[in-house]
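Here's the structure, in structure tokens; my notes come after.
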There are 2 protein chains.
Amino acid sequence: MQIRNVKSSDYNIISPLINDWWGGRQMSEMLPKLFFVHFNHTSFIAEKDGEVVGFLIGFLSQSDSDVAYIHFVGVNPEYRKNQIGKQLYNEFFNVVKRNNRNIVRAVTSPVNKVSIAYHTKMGFTIETGDKEVDGVSVFSNYDGVNQDRVLFVKKVD
Amino acid sequence: MQIRNVKSSDYNIISPLINDWWGGRQMSEMLPKLFFVHFNHTSFIAEKDGEVVGFLIGFLSQSDSDVAYIHFVGVNPEYRKNQIGKQLYNEFFNVVKRNNRNIVRAVTSPVNKVSIAYHTKMGFTIETGDKEVDGVSVFSNYDGVNQDRVLFVKKVD
């Protein structure tokens, strides 16, 4: 498996995959083209035999010079348990450190138990919000009305 | 009227306004919370008597160190013709120049004739795409299948 930086034209490959990989959930609108155009140095694609099997889209916060943010990570369900996600995250952590930053943030929905378990396993801490959902602290209405979110943070120094 | 930088909590004020200002078009999903959290220094709000009357969300490209990108601009329809948009764009051009960048890019849909006319008036050039729609050059399928886009560019040095 090879990991390389994202380029603009990868949008045409990845965007159609997303709704498939998420089992039909309409997720591709969360990832418009701009993320593929403007955040190449902090976004990565994993390929196996020339086929995209995973990707991570992240960027450096422009509000907080210590922080980097992971916006979206996807792995082909047929390639789970192959440490693809782990390698993509580690690639991101490395570019964050090369940019002299040491805090990585990510956000997920409380319903996404797989994501919560995965980030916890990867060493992320769940930030304390204003209520609990199924034992997990969340920020209510974070991403709009009834759009509660779980906020993750990890030190990478 | 006052112009100030966006802060995270402005999301709660602006997100509900967007669909209203766009006449019911479902636009707020294009502007998730992350833009209000991570791009404060290049995003601006116009206020009149404490009320938000306009905003501009932009960021510095992290792929091209000459480029800045305007993602989303909104003005309360009741306050059009008050040069609010112009002041927001100029504020953005100024912060771009302070960051030693001289190219500003923006993208719109071919149906958005008001946006095309506005960007042209503001000195943006339309980039040559691969087809024409109503006499305007567009990039076909730029933001997904059947999602043609008009690409603008402006030098600000």
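So the values come out like this:
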{"quantity": "Shortest-first distances to equivalent copies, position B:Arg98, nm, label 7 Å out along Cβ", "calculated": "3.0"}
{"quantity": "Pairwise label distance in nanometres, A:Asn100 with B:Asn146, each label 7 Å out on the Cα-Cβ vector", "calculated": "4.9"}
{"quantity": "Rotation relating A and B, chain B residue nearest the axis via C-beta, angstrom", "calculated": "B:Glu29, 3"}
{"quantity": "Carbon plus sulfur fraction of accessible area for the stretch A:1-101, probe 1.4 Å, in percent", "calculated": "42"}
{"quantity": "Accessible surface buried upon B-A contact (total; probe 1.4 Å; Å², nearest 100)", "calculated": "2200"}
{"quantity": "Copies compared at B:Asn82 - label distances in nm, ascending, label defined 7 Å from Cα in the Cβ direction", "calculated": "5.6"}
{"quantity": "At least 40 Å² accessible surface lost relative to isolated chain, residues of the stretch B:25-60 (1.4 Å probe)", "calculated": "B:Lys33, B:Leu34, B:His38, B:Phe39, B:His41, B:Phe59"}
{"quantity": "Interface residues in the stretch A:102-149 - accessible area drops by 30 Å² or more relative to the isolated chain, probe 1.4 Å", "calculated": "A:Tyr142, A:Asp143"}
{"quantity": "Average accessible area per residue (Å²) across the protein assembly as shown - probe 1.4 Å, nucleic acids and ligands excluded", "calculated": "49"}
{"quantity": "Gaussian network model of chain A, springs between alpha carbon atoms under 10 Å - residue of A:Ala68, A:Ala46, A:Ala117 with greatest fluctuation", "calculated": "A:Ala117"}
{"quantity": "Karplus (6.51, -1.76, 1.60) ³J(HN,Hα), θ = phi - 60°, over the stretch B:27-32, in Hz, Gly and Pro reported as x", "calculated": "10, 5, 5, 6, 10, x"}
{"quantity": "Across the identical copies, how the A:Ser65 labels are spaced - nm, sorted shortest first, 7 Å along Cα→Cβ", "calculated": "1.5"}
{"quantity": "Quarter of the Cα convex hull surface for the stretch B:102-157, i.e. its orientation-mean projected area (nm²)", "calculated": "3.6"}
{"quantity": "For B:Tyr142, residues with placed amide H under 5 Å, excluding near neighbours", "calculated": "B:Gln147, B:Asp148, B:Arg149"}
{"quantity": "Alpha-carbon centroids, the stretch B:1-75 and the stretch A:103-157: separation in whole Å", "calculated": "24"}
{"quantity": "Over chain B: helical MRE at 222 nm, DSSP H runs n ≥ 4 each giving -39500 (n - 2.57), nearest 500", "calculated": "-7500 deg cm²/dmol"}
{"quantity": "Volume per residue that the Cα convex hull of the stretch B:1-101 spans, once the total is divided by residue count, Å³", "calculated": "94"}
{"quantity": "Amide H partners (placed H, <5 Å) of B:Met27, local residues excluded", "calculated": "B:Asn19"}
{"quantity": "Integer Hz, Karplus 6.51/-1.76/1.60 couplings in order for the stretch B:57-67, x for Gly and Pro", "calculated": "10, x, 8, 8, 4, 9, 9, 10, 6, 9, 10"}
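The values are calculated or read from the model by the stated rules, or taken from the named source; none is laboratory data. Predicted model, so just to flag it, every value in this text is computed and none were measured. With ideal geometry, Cβ positions are generated from the backbone for all residues, glycine too; neighbour counts draw on all protein chains shown. The area values use the complete protein model at the heavy-atom level, side chains included, leaving out ligands, DNA and RNA. Shrake-Rupley method; radii C 1.70, N 1.55, O 1.52, S 1.80 Å.
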